[in-house]
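The values are calculated or read from the model by the stated rules, or taken from the named source; none is laboratory data. Every value quoted in this text rests on a predicted model; they were computed, and no experiment measured them. All Cβ positions, even for glycine, are placed from backbone atoms using ideal geometry, and neighbour counts span all protein chains on display.
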Amino acid sequence: MIIKTLTDHLVDKVDFAAYQESVNEIHKAIINKTGAGNDFLGWVDYPETYNKKELEEIKKWSKYVRENYDVLIVCGIGGSYLGARAAIEAINGTILKGKPEILFMGQTFDPTYVAECLEYLKDKKFAINVISKSGTTTETSVAFRLLKEYLEKRDGVEFARKSIFATTDANKGALLELCKKEGYVRFVLPDDIGGRYSVQTAVGLFPIACAGIDPEAILKGSAKAREDTSNPDLKVNECYKYAVIRHEMWAHYKKAVEMFITYVPSFVQIGEWWKQLYGESEGKEKKGLLPDSATFSTDLHSLGQFIQDGSPVFFETTLYLGKHRHEVKVPHDEDNLDGLNYLEGRTLGSIQDKAFEGTIKAHTEEGGNNNVVLELEEMNPFNLGYLFYFFERACAMSAYLNEVNPFNQPGVEIYKKNMFHLLGKPGF
Ligand code: PA5
């Protein structure tokens, strides 16, 4: 099993058997696509049914980008960028910048960020992957207008046409119209897949491939997770087990917050992706857990006090990594003024494991907090594809257990309406 849901550190009991019948019913609704929001269940079978020709296009054009550009700007927001960002950081790390360097725009109005990105691009040869299902998201559209104008003025309209790659709806939207007019290379976000479930489509896979990560391995990992979740029996389905624990924490033990914990700095963006997935899918009709995240041991020196001893409104879900990509040993020091020679020769991974064990003991035995541990063998593109699908499937199960539609986001529209009215957009 690539991800195991460990229950040994739950302080409160979860009666899994009591959930089996509802889980079976929801499982059927997911695979037969009969639940609420069923026209957005395309992601369930996508790792098998994906367009094979498009994958070849993704491979071809990502090779072209890798060979010809210094920087790829991924221009998108929410589900149209978080998955790619999470994947690229989780696999390639946060320090060593590969070529092309991947930058993200279109996720903010902040003028300083936008101006600094444009300044940074001054002496760089760059391509753009603009990603928007609707083609009308304001943050993304404004950034793309700026980038397109900048590129066209600096490198010419023809060069810009060859350097812009668009990912959007197959049949409708402003971006699709622009693609047709300009002849941009175009990838598709299928109709029946929403942004936050789209990392395994071209939305995630094109930027991921441009970063040198094998997109097919991500899909194969997701396909394996799909296979592993095909039996709803809670004794063997690690994914549904996690969903049931979440539901029990919220519905029975009245927890308001789930904290996603990782000990790996390059997994911070997985936490950001996970927050969107669960927040937008579950947080409706005044229901749901607030998804929060922290990185240990870093945040044990900031949030640690609250987690140990603050108001008990949360439980923790730790993504535990079994094997590290690199190892580092503590060196010997003749003077030993820092008193660290007792650690001489020990790997940082083994020290971190002790930090994990000590923390979980402190948070459960003394703090009284429930801890779920999701044990991931190791991080690689296949396992990451597995992890994405695992969380997506668990999210659908959790939201259906809460009796909400996992695939809409009516609350997101309200700020937009107010903003459009205040900006004087016609019709608002
Ligand atoms: O998950 C979602 O549906 C959202 O986060 C969208 O992806 C986000 O709002 C961007 O939308 P669009 O792709 O239409 O620009």
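Residues that are assigned to a helix (DSSP H, G or I) and out of contact with any strand residue (DSSP E or B) (no Cβ under 7 Å at 6 or more places or on another chain) within the range 125-147 comprise Thr138, Glu139, Ser141, Val142, Arg145, Leu146, listed in sequence order.
The residue list Glu248, Glu280 contains one member that is assigned to a helix (DSSP H, G or I), within 16 Å of the ligand (Cβ to nearest atom) and either touching a residue at least 12 places away in the same chain (Cβ under 8 Å) or under 20 Å from Val11 (Cα atoms) (or both), which is Glu280.
Of all the listed residues (Val23, Val11, Val44), the sole one being surrounded by 19 or more Cβ atoms within 10 Å (Cβ to Cβ) and more than 20 Å from the chain's Cα centre (by Cα) is Val23. Scoring Tyr320 on the criteria (1) touching an Asp or Glu at 6+ places or on another chain (Cβ under 6 Å); (2) part of a helix (DSSP H, G or I) leaves a single failure, condition (2). None of Lys241, Lys255, Lys235 is not in a loop (DSSP other than H, G, I, E, B) and not β-branched (Val, Ile, Thr) except Lys241. Any residue at all in the range 54-71 that is within 16 Å of the ligand (Cβ to nearest atom) and in contact (Cβ under 8 Å) with a residue 40 or more places away in the chain? No, the range 54-71 has no match at all. Within the option set Gly221, Gly173, being within 21 Å of Tyr81 (Cα to Cα), at pLDDT below 95, touching a Gly at 6+ places or on another chain (Cβ under 6 Å) and of a type outside the set (A, V, I, L, M) holds for one residue only, Gly173. Residue by residue through the range 347-381, note down the ones that are under 25 Å from Glu327 (Cβ atoms) and in contact with a strand residue (DSSP E or B) (Cβ under 7 Å, 6 or more places away or on another chain). Answer for the range 347-381, where residues must be under 25 Å from Glu327 (Cβ atoms) and in contact with a strand residue (DSSP E or B) (Cβ under 7 Å, 6 or more places away or on another chain): Thr347, Phe356, Ile360, Val373, Leu374, Glu375, Leu376, Glu377, Glu378, Met379. Could you list all residues from the range 136-168 that are near the ligand (Cβ under 9 Å from one of its atoms) and within 22 Å of Pro100 (Cα to Cα)? Residues satisfying the conditions are Thr140, Thr167. Filter the range 335-359 for residues that are closer than 17 Å to Thr317 by Cα and surrounded by fewer than 13 Cβ atoms within 10 Å (Cβ to Cβ) and give the result. Glu357, Gly358, listed by residue number. Being within 12 Å of the ligand (Cβ to nearest atom), surrounded by fewer than 23 Cβ atoms within 10 Å (Cβ to Cβ) and not basic (Lys, Arg) is the filter; apply it to the range 169-188 and report the residue that is farthest from Asn383 (Cα to Cα). Only one residue tops the list, namely Ala174. Applying the criterion of being within 15 Å of the ligand (Cβ to nearest atom) and of a type in the set (S, T, N, Q) to the residues of the range 401-417, the residue that is modelled with the highest pLDDT is Asn405.
Listed by first and then second residue, the pairs with beta-carbon distance under 6 Å, at least 6 apart or on different chains, first residue in the range 320-333 and touching a residue at least 12 places away in the same chain (Cβ under 8 Å), second of a type in the set (Val, Ile, Thr), are Tyr320/Val373; Leu321/Val264; Glu327/Thr347; Lys329/Thr347. For the structure I just gave you, tell me whether Lys275 is modelled with pLDDT of 95 or more and not in a helix (DSSP H, G or I). Spelling it out, it is not the case that Lys275 is modelled with pLDDT of 95 or more and not in a helix (DSSP H, G or I). The number of residues in the range 334-367 that are free of Cβ contacts under 8 Å to residues at least 12 places away in the same chain and either of a type in the set (Asp, Glu) or in contact with a helix residue (DSSP H, G or I) (Cβ under 8 Å, 6 or more places away or on another chain) (or both) comes to 6.
Within the range 164-222, the set of residues being farther than 21 Å from Tyr386 by Cβ and in contact with a Leu (Cβ under 7 Å, 6 or more places away or on another chain) comprises Ala166, Thr167, Thr168, Asp169, Asp192, Cys210.
Filtering the range 160-207 to residues that are in a loop (DSSP other than H, G, I, E, B) and of a type in the set (Val, Ile, Thr) leaves Ile193, Val199, Thr201.
The rows are residues; the columns are (1) of a type in the set (A, V, I, L, M, F, W, C); (2) surrounded by 21 or more Cβ atoms within 10 Å (Cβ to Cβ).
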position: Gly106; (1), (2): no, yes
position: Phe109; (1), (2): yes, no
position: Glu119; (1), (2): no, no
position: Ile128; (1), (2): yes, yes
position: Ser134; (1), (2): no, no
position: Thr137; (1), (2): no, yes
position: Arg145; (1), (2): no, no
position: Arg154; (1), (2): no, no
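Checked against (1) within 16 Å of the ligand (Cβ to nearest atom); (2) touching a strand residue (DSSP E or B) at 6+ places or on another chain (Cβ under 9 Å); (3) of a type in the set (A, V, I, L, M, F, W, C), Phe420 meets all criteria but (2). Candidates are the residues of the range 124-135 that are more than 6 Å from the ligand (Cβ to nearest atom) and under 22 Å from the mean Cα position of the chain (by Cα); the one that is modelled with the lowest pLDDT is Gly135. Taken over the range 31-43, the criterion of being of a type in the set (A, V, I, L, M, F, W, C), under 12 Å from Asn405 (Cα atoms) and in a helix (DSSP H, G or I) is satisfied by Phe40 alone.
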